[in-house]
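Beneath this line is the structure, given in structure tokens, with notes to follow.
Throughout, read-outs are computed from the coordinates displayed, never taken from laboratory work. The structure presented is a predicted model; accordingly, all values stated were derived computationally and were not measured. We place every Cβ from the backbone using ideal geometry, glycine too, and count neighbours over all the protein chains shown.
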Amino acid sequence: MRVRLVETSPFLRFLFREALRRAHHEIVAECTSLEEAVKLAGRLAPEVVVLDLEDGLTDWEARIQELVLHLPKSHLIVLGPSSGRPRNESWFAAYLEKPCSPQTVLTTIQSLSMSKGLLPV
């Protein structure tokens, strides 16, 4: 699967990147913020976007909506807090409460792949 990783923490980005690579997923882009992901949205269209919601970001719902509009065929996996879950769940394929492990993300991608009929790279 082609995956775009959006994670602010360099350490967590490393953990997710390595887990995804070991599982034979292709990282097509790494972004450090939702804002950066929106700016790069039209390039390197991934099948999956793994997005860690940034703490303290107040306009993330509008930015997620913009990201989804630019990547209509991508499946969004959001990592976020148990409180403050997005009101519009149609924007994403899965919502995982933080903290979550790279293995949880991999299992979610595998389930998504099977249920949506997505083919691995």
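For the reader, a short list of remarks on this structure follows.
- Within a Gaussian network of the chain (alpha carbon springs, distance under 10 Å), most fluctuating of L76, L53, L12: L12
- Ranking of I64, I27 by count of other Cβ atoms within 10 Å, fewest first: I27, I64
- Ignoring the sites themselves, the chain has its longest run without trypsin sites (Lys or Arg not before Pro) in a DSSP loop having at most 12 other Cβ atoms within 10 Å at 1-42.
- The separation of the range 11-71 from the range 87-104, counted between C-alpha centres, amounts to 12 Å.
- Karplus 3J(HN,Hα) series, Hz, for the range 15-23 with 6.51 cos²θ - 1.76 cosθ + 1.60 (x for Gly, Pro): 4, 5, 4, 5, 5, 5, 5, 4, 8
- Gyration tensor (alpha-carbon) shape descriptor, the range 4-56, a/c threshold 1.5: oblate
- For the chain, a Kirkwood hydrodynamic radius built from all Cα pairs, placed in the Stokes-Einstein relation at 37 °C and 0.692 mPa s, yields a translational diffusion coefficient of 232 µm²/s.
- Cβ-derived FRET efficiency at R0 35 Å, A62 paired with T104, nearest 0.05: 0.85
- Considering only beta bridges that DSSP places wholly inside the range 2-114, some 0 percent are antiparallel.
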